[in-house]
Each structure stands twice: as structure tokens, then as C-alpha cells.
Amino acid sequence: MSLLEIDGVTKRFGGLVAVDDVSFDVNRGEIVGLIGPNGSGKSTVFNCIMSIYKVTDGSIHFDENDITDHQTHEVVNSGLSRVSQESNPITAMSVAGNIQLFTLPNSLFSLRGGASEAEIYEYAARVDIEDKLQEMPDELPHADIRRLEIAKALATEPDLLLLDEPFAGMNQAEITELAETFRAFSEAGITMVIVDHNMGGLMDLVDRAVVLNNGEKLMEGTPDEVTSDERVQKAYLGT
Ligand code: ADP
Ligand code: MG
């Protein structure tokens with residue numbers, strides 16, 4: 001069985017069908033790309049997986065458990081974590097404090113016992129911000145704020161990490177470095193789904209990609225199959 005199974009998921013907002021009967025699986029150890037033009041439903045799929053949105057129809061299984069109607073903190077505790085498209089660090093706390101928050105008992109996000117300083121350092125080091133632990137988030141450049149968001153997600157010890165537009169706003173050197181970071185996560189046993197609105201560098205990184213358009217799954221396949229697909233090219237030219 002796959003680690004994550006999305007089965008016929010539909011999400012409506014009033015009359016708008018943001019996600020329309022989408023199904024795909026993610027196998028343990030894979031890096032899967034979830035791509036599509038802006039507004040195609042990518043972030044909504046992530047919000048449904050995390051139970052931030054309640055699905056209108058369909059089901060989501062993680063590690064063979066039906067998590068469709070679970071609370072978000074239960075989804076996180078079962079081994080899923082999401083880096084959202086928008087960064088939302090607590091500006092009154094240091095980088096270390098922001099990471100620590102995601103490991104505390106009674107936190108919405110985790111039932112773990114809270115992390116030691118050495119563990120916080122380790123989460124930061126995995127995204128190369130270990131020398132910035134005492135800085136305040138609003139002193140950091142954009143790429144480091146994004147790295148902090150990823151460190152927060154790591155602090156819940158996910159088996160599956162959902163990354164929403166992690167490369168947005170980064171320069172080419174930062175993109176290349178972050179892709180290396182994700183390869184290291186993969187070697188450490190973390191399965192990943194990475195959202196991007198263009199195909200760019202993502203196709204060098206992923207094993208497989210799922211393409212959304214207007215809320216529907218257009219196709220899925222290997223990077224070669226996706227980039228050479230006429231429907232995909234048309235969907236991208238049409239925006
Ligand atoms: P993507 O991440 O692919 O750019 P989204 O999932 O953010 O796309 O959005 C898909 C569609 O759903 C868009 O038309 C968007 O306006 C709509 N949508 C997303 N979230 C909400 C919401 N909370 N309320 C109403 N409409 C929403
Ligand atoms: Mg989005």
C-alpha cells in the first residue's frame with residue numbers, strides 16, 4: 001500500500017470547485033511534484049490533506065489509516081507536516097524559539113515532549129540556518145525565513161513532508177542549494193510532495209509529477225512524460 005492515498009477528493013467553496021475528483025498516491029521514499037498553473041488547486045489539495053479544509057467528497061489515507069476527518073494536530077502527530085506557501089514566523093521570538101514551539105507538549109502541532117537545544121540545532125542545521133538561531137525572523141533574508149519554515153516542519157519529525165512553493169522568491173543559487181537539502185531529506189527517509197506552479201528545476205528533483213489544471217488532475221507521470229505531454233504544454237500556455 002502507498003504511504004499517502006488521495007482518492008476522489010473534491011473541495012468546493014460555494015459554487016467554485018477548487019479541487020475536482022482528484023486521486024493520486026505517494027509511495028514511501030518518493031519525491032513527487034504537484035504542479036499546475038496558479039489557481040489550479042494545489043494548495044487546496046495540501047489543505048485538505050492536513051484537514052485545514054474539510055473535503056467535500058473523497059478520502060485520504062496515510063500509512064493505511066483513514067485521516068480524512070482527523071483534526072490537524074492528529075494528522076501532524078501521525079507523521080505528516082506541511083510548509084505553507086506563506087511564511088508565518090512569530091516575529092517576537094528568535095529562530096530557535098520558533099522551531100522549539102513546534103516540539104512543545106500541548107502545542108497544537110505536536111504532542112512530543114519538547115526538544116533539547118541540540119535537537120533544535122540539528123533541525124536548523126538540516127536547512128543551513130544553525131548559525132542564525134539567536135536572530136529574530138524579521139532580521140532574516142527571504143530565503144532564510146523559508147528555511148526556518150522548513151525547520152519548523154522538520155521539528156514535528158514527519159515521515160511525509162508537503163512543501164508548498166518552497167522555491168518561490170529564491171535566486172538560482174538558493175534554488176540549487178535547497179534542492180540539495182531536499183535530496184538529503186530523502187536520503188534520511190523523508191517522503192516529499194513538492195508544489196510548484198512551474199516545472200522549472202522541479203523536474204530534476206522529482207521521481208514523478210502529478211499535474212493539476214482547473215482543479216482536475218490532467219495527468220501524472222515521470223518528469224519526461226510530463227514535460228513532453230501536449231495537454232500539459234497547452235495548460236501552461238493557456239495561462
Ligand atoms: P493553487 O495553489 O494551485 O494556486 P489554490 O488551491 O490556492 O490554487 O486555489 C484553487 C482555487 O480555489 C482558486 O480559484 C482559489 O481562489 C480558490 N480557493 C482557495 N482557497 C479558497 C478559500 N478558502 N475560499 C474560497 N476559494 C478558495
Ligand atoms: Mg498555491
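Just so it is clear, none of the values below were taken in a lab; they were calculated from the coordinates. This one's a predicted model, so the numbers in the text were calculated from it and none came from an experiment. Every residue, glycine among them, receives a Cβ derived from its backbone with ideal geometry; neighbour counts consider all protein chains shown.
Check each of the trypsin sites (Lys or Arg not before Pro) in region 1-51 and keep only those in coil by DSSP with at most 14 other C-beta atoms within 10 angstrom; list them in order. Could you put the intermediate results ahead of the total?
Working: sites: Lys11, Arg12, Arg28, Lys42; in loops: Arg28.
Qualifying residues, ordered by number: Arg28.
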Q) Helix 142-154: angle to the longest alpha-carbon principal axis of the chain, degrees 0 to 90, nearest 10? A) 90 degrees
Q: Tell me which residues come under 5 Å, amide H to amide H, from Asn213 once H is placed; ignore anything under 5 positions away on its chain.
A: Leu218
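Report the local net charge at Val55: Lys and Arg +1, Asp and Glu -1, summed over other residues whose C-beta lies under 14 Å from its C-beta. Present the calculation step by step, with values, prior to reporting the outcome.
Values: positive: Lys11, Arg12, Lys54; negative: Glu5, Asp7, Asp20, Asp21, Asp57, Asp66, Asp69.
It works out to a net charge of -4.
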**Q.** Leading residue at positive end of dipole, region 171-219 (Cβ point charges), from Ala184, Asn213, Val195
**A.** Asn213
Q. Across region 29-39, in residue order, what do the Karplus-derived ³J(HN,Hα) couplings come to in whole Hz, using 6.51 cos²θ - 1.76 cosθ + 1.60 with θ = phi - 60° and x for Gly and Pro?
A. x, 7, 10, 10, x, 10, 10, x, x, 4, x
**Q.** DSSP loop GluC sites (Glu not before Pro) with at most 16 other Cβ within 10 Å: longest gap in the chain
**A.** 136-239
(Q) Give the aspartates and glutamates reachable from Lys132 as a straight Cα distance under 13 Å; neighbours fewer than 8 places away on the same chain don't count. (A) Glu122, Asp144
**Q.** Other-chain or far-sequence residues with amide H under 5 Å of Leu3's (modelled H)
**A.** Val26, Asn27, Arg28
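May I ask for the equivalent-ellipsoid semi-axes of region 91-157, computed as the square root of five times each C-alpha gyration tensor eigenvalue and listed largest first in whole Å? Before the final figure, lay out each step's value.
Details: eigenvalues 68, 28, 21 Å².
Semi-axis lengths for region 91-157 are 18, 12, 10 Å.
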Q: Provide Rg and Dmax in Å for region 1-135, with only Cα atoms included in the calculation.
A: 16.9, 50
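For every other residue with a beta carbon closer than 11 angstrom to the beta carbon of Leu154, add +1 if it is Lys or Arg and -1 if Asp or Glu, then tell me the sum. It would help to have the intermediate numbers written out before the result.
On the way: positive: Arg126, Arg147, Lys152; negative: Glu119, Glu122, Glu149, Glu157.
Local charge sum for Leu154: -1.
Given the rule -39500 (n - 2.57) for each run of at least 4 DSSP H residues, summed and divided by the residues of the chain, what is its mean residue ellipticity at 222 nm, to the nearest 500 deg cm²/dmol? It would help to have the intermediate numbers written out before the result.
On the way: 9 runs with 77 residues, N = 239.
So the helix-based figure for the chain works out to -9000 deg cm²/dmol.
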Q) Hey, what D do you get for the chain in µm²/s if you plug the Kirkwood alpha-carbon radius into Stokes-Einstein at 10 °C and 1.306 mPa s? A) 87 µm²/s
**Q.** All lysines inside 26 Å of Lys11 as judged from Cα atoms, apart from same-chain residues fewer than 8 positions distant
**A.** Lys42, Lys54, Lys217, Lys234
